[in-house]
Amino acid sequence: MPLIFLNGGAMRGEPLNYLLEGAPCAGEVTTAAQYRFYSVGDRFPALHPVAYGGAPITGELFEVPMDVLRNRLLPAEPPELELGVIALDDNRSVLSMLLRRPVISDPQLIDITDYGSWHTYREESTR
């Protein structure tokens, strides 16, 4: 089964986790320091690969069957995101949703890289 890095609404305890249809979580993981991390209008997070100035981002790794990925998870993703491959800090390559390149100039983007995770950003921004 393919592994997919999730860092938003489909993580454990989040409202879209049901889309995974019980796919097992392989635990919390961190990306390589090759990404900027954005909040898209405070609706969902988005990873964006960069050549420099990136940071490690924390999320969860799931073993998702291809049919669940194709029929449930991908159709529910916002149009600003696309499926790609990322590097984890342990040098593994896994699937993840990435910010579409033309969207990078969208004024709704808030750079939240320094928070390191969607959970931390949401906790800190509601204080």
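When the residues of the stretch 79-96 are narrowed to those that are in contact (Cβ under 8 Å) with a residue 60 or more places away in the chain and closer than 21 Å to Asn17 by Cβ, which ends up surrounded by the most Cβ atoms within 10 Å (Cβ to Cβ)? Once the filter is applied, the top-ranked residue is Ser96.
Only one residue in Ala55, Ala33, Ala23, Ala76 is touching a residue at least 24 places away in the same chain (Cβ under 8 Å), of a type in the set (A, V, I, L, M) and surrounded by 20 or more Cβ atoms within 10 Å (Cβ to Cβ). Which one? Break it down stepwise before answering.
Details: Ala55 fails: surrounded by 20 or more Cβ atoms within 10 Å (Cβ to Cβ); Ala33 fails: surrounded by 20 or more Cβ atoms within 10 Å (Cβ to Cβ); Ala76 fails: surrounded by 20 or more Cβ atoms within 10 Å (Cβ to Cβ).
Every option except Ala23 fails the conditions.
I'd like to check something: does the stretch 72-85 contain any residue that is of a type outside the set (A, V, I, L, M) and under 18 Å from Tyr121 (Cβ atoms)? Give the derivation first.
Our first condition is that a residue be of a type outside the set (A, V, I, L, M); within the stretch 72-85, this holds for 72, 75, 77-80, 82, 84.
Those still in the list that are under 18 Å from Tyr121 (Cβ atoms) too: 78, 80.
Looking for residues that are of a type outside the set (A, V, I, L, M) and under 18 Å from Tyr121 (Cβ atoms), one finds at least one in the stretch 72-85, hence yes.
No other residue among Ala55, Ala46, Ala32 is over 24 Å from Pro2 (Cβ atoms) and modelled with pLDDT of 95 or more apart from Ala55.
Take the conditions surrounded by 14 or more Cβ atoms within 10 Å (Cβ to Cβ), more than 12 Å from the chain's Cα centre (by Cα) and among the acidic types (Asp, Glu) and apply them to Asp42. Does it pass?
The answer is no for Asp42.
The values are calculated or read from the model by the stated rules, or taken from the named source; none is laboratory data. Worth saying up front: this structure is predicted, and the values here are computed from it rather than measured. With ideal geometry, Cβ positions are generated from the backbone for all residues, glycine too; neighbour counts draw on all protein chains shown.
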